[in-house]
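The block underneath contains the structure these notes are about, expressed in structure tokens.
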Ligand SMILES: Nc1ncnc2c1ncn2[C@@H]1O[C@H](COP(=O)(O)OP(=O)(O)OP(=O)(O)O)[C@@H](O)[C@H]1O
Ligand SMILES: [Mg+2]
């Protein structure tokens, strides 16, 4: 049957190419939108995912990591004394205006945590230049390689000003970027200094639980015993942040509707082209029925063609998706598709082409075997 | 005997002699004695309903096909010939009466079972040849065997044999569009032969062919009957009469008479 399916596809080259192009276009659009979606959601939760802690404790009204409220520094000790907490790490986030020698200005988000552990942002795995030890020097901050265009091409060692105070880039990271603001990581003291944040205020507390302790149990205990704060597992806080921004920015809706549109368009383009290809071959399918093929056989023959189309369409479509990923990756829109997601693309391809085949199948199944005797 | 030299004089057919086949499976020992009935139409009628009019395509009619015979079904256009053939071919159910193929009553059979009868008991030949355009000659001939689930290796051997039989081995790899009408019909005959079905049903098998090709095709069909198959041929063409053992005349949706013909 594989041979016959292949011959049928080969015979109607133009339509077959049309079907494959339909599949490629819709799977590429879906892959591209999904990629952008992954990138944006990663950026939305970047502050959380670039921290290394079991729990985040923030102001009780905060549900978005990019807009942290204010906590009193005394909460730090209260949290530390809760059963199951091993360590607490204060975080200070402050806004600032960066000004470069060439006149470029940019709004930046200063994120300070305690040296030398730097539980937020300065993950050695993502550092591509500079030295964490220099972070202790006056004015030392980090900057991301991909933000250099917004920062007047600032690189390692560039001197500039934040809120009128001298700063320099001591560490360069790669792919640690936020949603909207430009991240600059530093020590907690320098974040206070640049942002004029009083010593009594902090923005969040990162918590490590004791080995063997259940993070969600510790979270619940903090929430029960300490007034005015809310503890989250890092995963939940990231999820809440993304959920909040997606619903409030319309990004979720716009990307979601584009994906649905690509699906529907693909489904109908593929379905109608397959239908029209089947109509071109209606005499052959009628003959098949006439000489004794069952509906089951013919359905399998059509589905097999649809399957082969989806293999070809997926192969080409995925190639384009990956070229797109590499292309935008060079411009700093860095993301990866998980194997599960790639499998998902394949299943979507299968779904649209097998689903599209339904139009053709309906038509062929309704064909009378007696049609063979009518010209 | 069928294979007279009479053909050598008609249309210079002698040139096509090598094509004429021997019997498939049992190298030709023409079977002219016992002639069991393989297909029966017993008081079968067929009505088609279109909108609120009922079209009577065939009034209750009876006929039978015997193995070893060529039965010609002749009649004017619209008289019900194809309907009769479709009933025997198990592509439609009778409105009343019975159709029995090789002992199997078709009324009440599922579409799937009907397909099974068509596949296993009947070889079809059509006016327009009905070869599957995307498939090569060889693949077209192999198709019924594939449908029967016969393993490729065995099927290939059988395909090779029938292609030789209709003298078309040299076109095995050709697509139908690359072949003449006569060649296509020979491939179609090979496809009808390959399952060794006892019944061959042909609807106007020569109408799209020139005289020479028509002769070759008729000779082949006659030869198949000689090998024991029941061959039914629907036609307008009175010139085919000489090939028939039996002629069934259809007029106005009815079998008007059946006559025994003396073969040439
Ligand atoms: N599926 C159908 N629906 C409605 N009417 C039909 C159908 N099939 C056949 N008929 C009608 O039944 C009658 C007999 O048709 P049939 O095809 O058997 O004639 P025929 O003798 O084969 O004619 P021809 O020589 O032109 O092929 C015709 O009037 C035809 O219009
Ligand atoms: Mg007819």
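Since every read-out is calculated from the coordinates, none of them should be taken as a lab result. Predicted model only: the values in this text are computed from it and were never measured. Cβ atoms come from the backbone with ideal geometry, glycine included; neighbour counts cover every protein chain shown.
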- [ ] Can you tell me the relative contact order of segment A:61-227? Whole percent, Cα pairs under 8 Å, sequence separation 6 or more.
- [x] 34 percent
Task: Computed label-point distance, nm, for sites residue A:14 and residue B:241 using a 7 Å Cα→Cβ extension - done: 4.9 nm
Open item on the list: Can you compute the modelled spin-label distance between residue A:74 and residue A:201, with each label point 7 Å from Cα toward Cβ, in nm?
Closed with: 1.8 nm
Task: Most mobile listed residue (B:42, B:187, B:150) in chain B, GNM with C-alpha springs under 10 Å - done: B:150
Open item on the list: Sequence gap at least 6, Cα distance under 8 Å: using those rules, report the relative contact order of chain A to the nearest whole percent.
Closed with: 27 percent
Task: Separation in nanometres of the label points that stand 7 Å from Cα toward Cβ, at residue A:159 and residue B:66 - done: 11.8 nm
Open item on the list: Give me B:104, B:49, A:202, B:117 sorted ascending by neighbouring Cβ count inside 10 Å, so fewest comes first.
Closed with: B:49, B:104, B:117, A:202
Task: Value of Rg to Rh for segment A:269-375 (Rh from inverse mean 1/r over Cα pairs, i.e. Kirkwood) - done: 1.19
Open item on the list: Let's test the formula: R0 of 60 Å, r as the Cβ-Cβ distance of residue A:133 and residue A:323. What FRET efficiency results, to the nearest 0.05?
Closed with: 0.90
TODO: Calculate, in nm to one decimal, what residue B:164 and residue B:96 gain on full extension: separation in residues at 0.36 nm each, minus their alpha carbon distance.
DONE: 20.2 nm
TODO: Starting with the fewest neighbours, write out A:294, A:336, B:206 ranked by other beta-carbon atoms found within 10 Å of each beta-carbon.
DONE: A:336, A:294, B:206
Task: Sequence-separation-based contact order of segment A:166-263, relative, with Cα cut under 8 Å and 6+ spacing, percent - done: 9 percent
Open item on the list: If you average the alpha carbon positions of segment A:117-157 and of segment A:215-229, how far apart do those two centres end up, in angstrom?
Closed with: 34 Å
Task: Highest-MSF residue in chain A out of A:103, A:266, A:31 [GNM, Cα springs under 10 Å] - done: A:103
Task: Length added when fully stretched, residue A:81-residue A:299, from 0.36 nm per residue minus Cα-Cα - done: 71.7 nm
TODO: Please average, across the residues of B:134-143, the number of beta carbons from any other chain that are within 10 Å of each residue's own beta carbon, and give a whole number.
DONE: 3
Task: Rounded to 5, percent antiparallel among DSSP beta bridges of segment A:61-227 - done: 70 percent
Task: Inter-chain Cβ neighbour average for residues A:293-306, partner chain, 10 Å - done: 2
TODO: On a C-alpha basis, how far is the centre of segment A:280-328 from the centre of segment B:125-145 in Å? Whole number, if you could?
DONE: 22 Å
Open item on the list: For B:48, A:324, A:179, which order do you get if you count the other beta carbons within 10 Å of each Cβ and list the fewest first?
Closed with: B:48, A:324, A:179
Task: From the C-alpha gyration tensor of the protein assembly as shown, square roots of 5λ in Å - done: 85, 25, 19
Open item on the list: I'd like the distance between the alpha-carbon centres of segment B:165-224 and segment A:46-111, rounded to an integer number of Å.
Closed with: 85 Å
Task: Per-pair calculated FRET efficiency, R0 = 60 Å: residue A:316 and residue A:227 via Cβ, rounded to 0.05 - done: 0.55
- [ ] Take every residue in peptide B:80-90, count the Cβ atoms of other chains within 10 Å of its Cβ, and give the average of those counts.
- [x] 2
Open item on the list: Which residues among segment A:162-189 fall inside the zone where the amide N is under 11 Å from a point 7 Å beyond the Cα of residue A:97, along Cα→Cβ?
Closed with: A:163-164
Task: Listed residues B:155, B:232, B:190, most fluctuating in chain B (Gaussian network, C-alpha, under 10 Å) - done: B:155
- [ ] Mark the label point 7 Å from the Cα of residue B:180 along Cα→Cβ and return the residues of segment B:202-237 whose backbone N is within less than 20 Å of it.
- [x] B:205-222
Task: Rounded FRET efficiency, nearest 0.05, which uses the C-beta distance separating residue B:260 from residue B:207 and R0 of 35 Å - done: 0.90
Task: Nearest 10 degrees, 0 to 90: helix A:13-44 Cα axis against chain A principal axis - done: 10 degrees
